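Any read-out appearing in this document is the output of simple, stated calculations on the displayed coordinates, not a laboratory observation. Bear in mind that the values here come from a model prediction, so they are computed numbers and not experimental data. For neighbour counting, all protein chains shown are included, and Cβ atoms are generated from backbone atoms with ideal geometry for every residue, glycine included.
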Amino acid sequence: MKFFAVVLHVLFVSAALAVDIETLNGPNLLGVVRVTSASEYLPLSVCWGAIGYSDSAPAADALVLTSGLEPGDSLYVYDRANSQYRVFDLVRNDTGDEWQARAVVHISDGQVETVSGDSADATPLAIGYGAWLHRPGVASRSNQTVLVVGQVQRSGVTVELAAAPSGKSFGQTLFGLPVPATGNFKLNGGTIDWATAGAVAGDEIRVPQADGSQETIRFDGTKWVRKYFVVVNGVNRLKTDTNPEIVAGTAVWYARKAGNGPISITVEAQQ
């Protein structure tokens, strides 16, 4: 079995994130993304398939390794077909740490309702979307790294980014970013042709930050643009970044501007 690694230490300062990417080459091409973050609620990308199966959706408890996590951490997986979350808790027993299905819950307008206490373990993750990892007290932990593992995709997948519901300004989808061969995911000039796919001026990508806020990157009709302020001699100066990047292995909110239908994004094969 041939092993090769691309080891990256790319710091995304505003989100306090760093990422390492490795691949293991054999009968199957396996991928590992190491995401380092101080975010208590960390959106992770479902960027790999199930290990050992060609382009199959991974199980929730197989995608995110328990290594480096602590009992009491939870994984929230969105069940798009039924508009509810399936929740897994990290528990410690005689054989070590493992993910244990806890409940199926419905979240609406900030209210959490437990629908069922079983069946969560049967939930496959849709490749190209995202899942939330909750780590209480992570800011004080010495290890803040999360390992996302799986099989590198042999074929492309299609991800649907939802239109705005009636009466809403935007439709939001937690989009799991593809993992590039090296470095972070480049929004412009990368593997996704956004304009051809149907992105319109006013669409937004919202990047969750460690402090609970969101950084907004807007599509101007041809490319994604990030605007931000820096302090120069005590004065706020507006800066423009026309080549924004987002840390590999993470997920972001795609906010589809109202008045436009859903769009389908093709995530290319990785091998």
Query raised in the report: Could you give the alpha-carbon Rg of the stretch 134-215 over 2.2 N^0.38 Å, rounded to two decimals?
Result: 1.38
**Report entry** Spacing of the two label points (7 Å from each Cα toward its C-beta) at ALA258 and VAL232, in nm
**Finding:** 3.7 nm
Report summary line: Both in Å, the radius of gyration and Dmax of the C-alpha trace of the stretch 111-254 are 17.8, 58
Report summary line: Residue-ordered couplings for the stretch 168-178, obtained by feeding phi - 60° into the Karplus form 6.51 cos²θ - 1.76 cosθ + 1.60 and rounding to whole Hz (Gly and Pro as x), are 9, 7, 9, x, 10, 10, 7, 9, x, 5, x
Report summary line: A chain fully extended from GLN209 to ALA81 at 0.36 nm per residue, minus the present Cα-Cα distance, gains in nm 43.3 nm
